[in-house]
Amino acid sequence: MPTHSDELRVRITETIRHFWGFDTLRPLQEEAIRASLAHRDSLVVMPTGGGKSLCYQVPPAVADRTDVVISPLISLMKDQVDGLIARGYPAAALHSNLSPAERRKIESGMRENAFRLVFAAPERALSSWFMSSMQAMNVQAIAIDEAHCISQWGHDFRPEYRQLAMLRDRFTKASFHAFTATATPRVQQDIVDQLRLRDPARLIGRFDRPNLIYRILPKVNKIEQIVEVIRRHEKEAVIVYCISRRDTEELANVLRANGINAAHYHAGMDAVDRRRTQEAFSNESLDVVVATVAFGMGIDRSNVRCVIHESMPKTIEGYQQETGRAGRDGLEAECVMLYSAGDAMRWEGLIAKSADNAEDPGEVMAAQQALLDAVVAMCRRPVCRHKSLSEYFGQGYDKPNCGACDVCLEDVEGYEDATVAAQKILSCVARVEQRFGIGYVVDVLAGANTEAIRRNNHQELSTWGLMKDTPREQIQSMVYQLVDQGLLVRTPGDRPTLHLNEQSVAVMKGQIDVKLLKPRAKKTSRSKAGEQTWEGVDRGLFEELRKWRKGVADERRVPPYVIMEDSTLMELSRVRPTTMDVLRAVRGIGDKRMTDFGAAINTLIADYCERHHVSENVRAAAGVVIPVSKRPSEAKQQAFALFAKLKPIEHVAAKISRAASTTSQYLEEWILEARPESVDPWVDAATYQRVVAAMDEDARLRPVFDKLGGAVPYETIRIVIAHQKAHAGSPPA
């Protein structure tokens with residue numbers, strides 16, 4: 001294990017290049033990796049999408065050891081392991097969904113130290129068998145993912161996480177590493193205390209997610225607003241969060257009635273149905289999931305483009321965690337919350353009910369109410385959302401305009417004559433003698449002909465039908481905004497009623513001007529920065545690569561994002577590589593992906609470029625064609641020498657330690673350069689003639705492949721085409 005700083009950096013870079021296909025790290029990742037390699041405890045707080053998983057995945061691969069990761073959900077573990085295995089990284093997860101044969105295979109691998117990472121749930125990690133296995137594997141580092149679950153001050157406290165401190169007693173020499181995306185300073189300290197971290201390296205990243213557009217908008221017509229947002233993300237992944245199970249089912253039904261591919265998800269569903277919905281969303285056969293917060297940490301899909309809260313969440317931590325499901329690939333995503341004062345009132349009732357079952361109801365109620373008040377304050381304040389979130393988590397934000405939230409984008413506008421509308425509402429509350437709730441007052445103002453109104457003879461009031469030309473949803477939104485601004489009082493309890501106060505009277509007398517908000521009609525799902533991320537991307541090629549990725553994922557029975565991230569597909573669509581050398585330089589293409597998919601990607605892109613008459617091998621930064629290197633690499637020079645001796649592709653590939661697909665590319669280049677009279681060592685004469693007969697004037701790959709009914713591999717066709725091009729104008733003998 002190297003200790004010199006420069007040597008260690010080289011080892012780290014080689015590791016991430018080999019498995020992940022890039023050679024630079026994000027802020028704090030190297031510090032976290034070095035802490036683990038130095039056997040020093042650490043607390044790592046990074047926003048979702050910030051790359052915290054890499055911090056515990058890299059060290060065991062660099063040090064050639066086995067580490068353990070404690071993770072709360074099976075689905076989360078499974079997705080991580082599938083992704084790692086797809087990259088050639090040896091990892092496994094022990095959980096209850098394994099078959100006996102799968103479990104035995106993993107246990108055998110653990111005994112043989114075949115894995116660099118082993119994932120387990122808290123309960124399994126604390127079992128005597130697993131702890132004995134950890135000792136046998138000489139585990140030197142233990143990572144606790146979603147570590148905020150250990151804190152009672154966090155938003156997702158899990159009692160079983162408290163017991164993880166027992167591992168410290170059993171593994172005194174192992175370093176412990178706590179990872180979370182969401183933790184206030186108070187929660188951070190609680191994590192350190194509960195896990196008994198020893199002089200930990202505290203690595204706190206920026207909580208701000210600049211790639212997210214935050215929108216907190218007044219709830220006017222919930223269904224219309226949600227449908228409008230989803231329409232902006234057609235054929236993209238969207239999660240809609242609701243407060244209750246019933247809400248999810250009703251909203252999913254409405255969305256389907258509007259022609260949207262949606263399904264509901266909540267903890268009360270049958271386990272099979274719940275898993276079916278989750279898998280459909282992961283494998284991209286389902287676009288929209290309408291869910292409670294139960295649909296949370298287990299979702300590892302990196303290309304969620306939109307998260308909608310149909311009602312206000314009960315904590316900012318929860319909001320940060322749930323919106324964190326969007327844009328995990330680093331690309332821009334939209335987060336929309338529809339807010340009204342009624343949401344806060346609903347949460348207060350639920351908090352009161354849950355507090356009744358606690359040992360100290362008063363303390364629990366006070367703590368939960370404080371968290372709820374913080375959300376309400378954020379919704380009410382017309383302050384940049386990125387700034388509000390950063391400051392809540394104890395960090396400053398100095399940009400005068402983020403350009404990516406409803407406040408900075410000016411997504412809301414005021415109602416005309418808002419003061420007059422407020423006076424009508426307050427006058428109606430006075431006329432019904434402050435004895436009724438919001439729904440009844442709205443009915444009177446809208447001129448409804450209900451039995452309750454007739455029984456009270458309120459159709460005779462001067463305020464009955466006073467706002468009949470205003471949609472009912474808008475009237476209700478205005479009432480909630482008046483309550484929010486303290487211009488109207490709503491009593492607590494099961495049957496709340498509306499009451500006037502001194503501020504109400506001042507409004508009715510014209511002494512206070514009122515501002516009531518509504519969303520602007522037209523919005524875009526992307527900011528200027530977001531548009532720049534698509535600059536140079538060939539959208540048509542991007543969609544073809546997505547289809548190819550889906551096909552490969554279906555064959556392997558894994559989610560498409562396990563095969564390749566959208567960000568990598570975008571880069572491929574910019575560069576349009578058709579040779580292995582250019583493909584290898586694309587961020588996200590590691591050695592395993594080169595071996596598995598290199599030839600297929602190059603062939604697909606070459607065919608696309610031919611059909612659409614666009615250039616190949618474009619350098620994204622400069623927008624120019626990448627020149628062919630004048631001096632071939634050492635491996636390529638060796639391959640050229642062996643091809644000159646007519647050695648078969650398999651023999652050359654073994655000699656130069658390259659994949660057969662890469663070697664085949666080298667052969668094409670050698671043929672174009674050396675112009676051999678024959679390619680008999682690599683393509684027999686009969687097949688050669690069949691390919692030539694199927695070629696059109698442009699010698700395009702796909703038409704030839706199709707004419708031959710797929711009977712001749714692409715690699716063989718490319719060799720024949722290269723040979724024909726090499727002898728253009730003077731046919732070979």
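The values are calculated or read from the model by the stated rules, or taken from the named source; none is laboratory data. None of these values were measured; they are calculated from a predicted model. We place every Cβ from the backbone using ideal geometry, glycine too, and count neighbours over all the protein chains shown. Accessible surface areas use protein heavy atoms only, side chains included; no ligands, DNA or RNA. Shrake-Rupley method; radii C 1.70, N 1.55, O 1.52, S 1.80 Å.
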Exercise for the section: Output the residue which, of all residues in the range 320-338 that are over 15 Å from Cys405 (Cα atoms) and in contact with a His (Cβ under 8 Å, 6 or more places away or on another chain), is modelled with the highest pLDDT. Expected result: Glu322
Practice task
Scan the range 388-418 residue by residue and report those that are open to solvent by 30 Å² or more (accessible area, probe 1.4 Å) and outside any loop (DSSP other than H, G, I, E, B).
Solution key: Glu391, Tyr392, Val412, Glu413, Gly414
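Glu650 - would you say it is at pLDDT 85 or above and open to solvent by 90 Å² or more (accessible area, probe 1.4 Å)?
yes
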Handout entry: Looking only at the range 23-42, and only at residues there that are among the hydroxyl-bearing types (Ser, Thr, Tyr) and crowded, with 24+ Cβ neighbours inside 10 Å, the one that is nearest to Thr184 (Cα to Cα)
Key = Ser42
Problem - Residue within the range 59-73 that is outside any helix (DSSP H, G or I) and closer than 13 Å to Thr15 by Cα present - result: yes
Exercise for the section: Could you identify the single residue in Val514, Val479 that is open to solvent by less than 70 Å² (accessible area, probe 1.4 Å), modelled with pLDDT under 95, assigned to a loop (DSSP other than H, G, I, E, B) and closer than 22 Å to Val412 by Cα? Expected result: Val514
Exercise for the section: Might you check whether a residue that is open to solvent by 50 Å² or more (accessible area, probe 1.4 Å) and either of a type outside the set (Phe, Trp, Tyr) or touching a residue at least 60 places away in the same chain (Cβ under 8 Å) (or both) occurs anywhere in the range 43-62? Expected result: no
Practice task
With the condition kept exactly as written, say whether any residue in the range 251-268 is more than 14 Å from Glu310 (Cβ to Cβ), more than 20 Å from the chain's Cα centre (by Cα), of a type in the set (D, E, K, R) and in a helix (DSSP H, G or I).
Solution key: yes
Practice task
Answer yes if at least one residue in the range 293-302 is more than 19 Å from Tyr561 (Cβ to Cβ), touching a helix residue (DSSP H, G or I) at 6+ places or on another chain (Cβ under 7 Å) and part of a strand (DSSP E or B), and no otherwise.
Solution key: no
Exercise for the section: Show the residue pairs that are 6+ apart or on different chains and have beta-carbon atoms under 7 Å apart, the first residue being within the range 210-230 and over 22 Å from Asp484 (Cα atoms), the second being open to solvent by 30 Å² or more (accessible area, probe 1.4 Å) and of a type outside the set (A, V, I, L, M). Expected result: Asn211/Gly330; Val227/Asn258
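Take the residues of the range 99-126 that are part of a loop (DSSP other than H, G, I, E, B) and open to solvent by 40 Å² or more (accessible area, probe 1.4 Å): which is farthest from Ala178 (Cα to Cα)?
The selected residue is Ser99.
Only residues that are in contact with a helix residue (DSSP H, G or I) (Cβ under 9 Å, 6 or more places away or on another chain), over 19 Å from Ile316 (Cβ atoms) and not in a helix (DSSP H, G or I): list them for the range 219-234, please.
Val220, Asn221
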Handout entry: Search result, residues across the range 181-197 that are over 9 Å from Ser151 (Cα atoms), modelled with pLDDT under 90 and open to solvent by less than 10 Å² (accessible area, probe 1.4 Å)
Key = Ala181, Thr182, Ala183
Practice task
Write out, first by first residue and then by second, each pair whose Cβ atoms fall under 9 Å of each other, whose residues are 6+ apart or on separate chains, and whose first residue, in the range 125-139, is at pLDDT 90 or above while the second is open to solvent by less than 60 Å² (accessible area, probe 1.4 Å) and among the polar types (S, T, N, Q).
Solution key: Met134/Thr66; Met137/Thr66; Asn138/Thr66; Val139/Thr66; Val139/Ser133
Problem - Some residue of the range 272-292 being on the phi > 0 side of the Ramachandran plot and buried (at least 16 other Cβ atoms within 10 Å of the Cβ) - result: yes
Handout entry: Residue check for Arg209: touching a Phe, Trp or Tyr at 6+ places or on another chain (Cβ under 7 Å), open to solvent by less than 30 Å² (accessible area, probe 1.4 Å) and assigned to a loop (DSSP other than H, G, I, E, B)
Key = no
Fill in the blank from the handout: The condition from (1) over 24 Å from Thr497 (Cβ atoms); (2) open to solvent by less than 30 Å² (accessible area, probe 1.4 Å) that Val432 misses is numbered (1)
Completion exercise
Within the range 675-689, the count of residues that are buried (at least 19 other Cβ atoms within 10 Å of the Cβ) and either in contact with a Gly (Cβ under 7 Å, 6 or more places away or on another chain) or outside any loop (DSSP other than H, G, I, E, B) (or both) comes to 1
